[in-house]
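Reading through the structure tokens given below for one structure.
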Amino acid sequence: GCDLRKDVCELVKKRKEFYEDISGRKLNISLICEDVFKVDWDAWEKFDAINFLFSFSDLKPNEKILQLVDRLLKPGGRVVFQETNPSNYYNRIFRKRDAMMPQQVAETLKKYNFRIRSLKGGYALPPLFWRILPGSILAPIEQVLCSSLFMSPSYHLMAEKI
């Protein structure tokens, strides 16, 4: 993991220790607490996977981050984005952000020789619904809503480096 914020790095360290304790094994996870653009990436081996959990849109410029992803991943490595969806109808009106649309991220990755494995809505129904109504009713509704990037307030994109 790489994060500029010390509090986030401390939380990751604690979570790593927690999962090591419950699994009974050491996890091969490295943590870098500095600006992603200032890290000496040549000192690191290529990565098997890179995951952005609601962080990609905040890293500017997005294009430069995608270039870095291309440089850091091994062939066959995967990148996963779970992000706020700026193409969602609600986000377009009430939560406008300077962020790449999911389709733009996918097209840019293709230019860097990535194969898009999946691009879909991440979730659509608020958590409150899941507390009130049974999953057997909500799951099919959620599946239909997530099939449309227009309806889903977040998106999930997974791509593999060719």
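The values are calculated or read from the model by the stated rules, or taken from the named source; none is laboratory data. Worth saying up front: this structure is predicted, and the values here are computed from it rather than measured. Glycine gets a Cβ as well: all are built from the backbone with ideal geometry, and neighbour counts include every protein chain shown. Surface areas here come from the heavy atoms of the whole protein model, side chains and all, with no ligands, DNA or RNA. Shrake-Rupley method; radii C 1.70, N 1.55, O 1.52, S 1.80 Å.
Which members of the range 48-72 meet the condition of being outside any loop (DSSP other than H, G, I, E, B) and open to solvent by 60 Å² or more (accessible area, probe 1.4 Å)? Result: D48, A49, N51, L53, D58, E63, K64, Q67, R71.
In the range 73-109, what residues are more than 12 Å from H156 (Cα to Cα), buried (at least 18 other Cβ atoms within 10 Å of the Cβ), at pLDDT below 95 and not small (G, A, S)? Result: P86, N88, M100.
Just for the range 114-134: of the residues that are assigned to a loop (DSSP other than H, G, I, E, B) and exposed (fewer than 12 other Cβ atoms within 10 Å of the Cβ), which one is nearest to the chain's Cα centre (by Cα)? Once the filter is applied, the top-ranked residue is P126.
State whether the residues of the range 77-95 include one that is aliphatic (A, V, I, L, M) and farther than 28 Å from M151 by Cα. The answer is no, given that none of the residues of the range 77-95 is aliphatic (A, V, I, L, M) and farther than 28 Å from M151 by Cα. Checked against the criterion of being over 17 Å from the mean Cα position of the chain (by Cα) and in contact (Cβ under 8 Å) with a residue 24 or more places away in the chain, the range 135-147 contains one or more residues that satisfy it. Answer yes or no as to whether V80 is β-branched (V, I, T) and in contact (Cβ under 8 Å) with a residue 60 or more places away in the chain. For V80, the condition - β-branched (V, I, T) and in contact (Cβ under 8 Å) with a residue 60 or more places away in the chain - is met.
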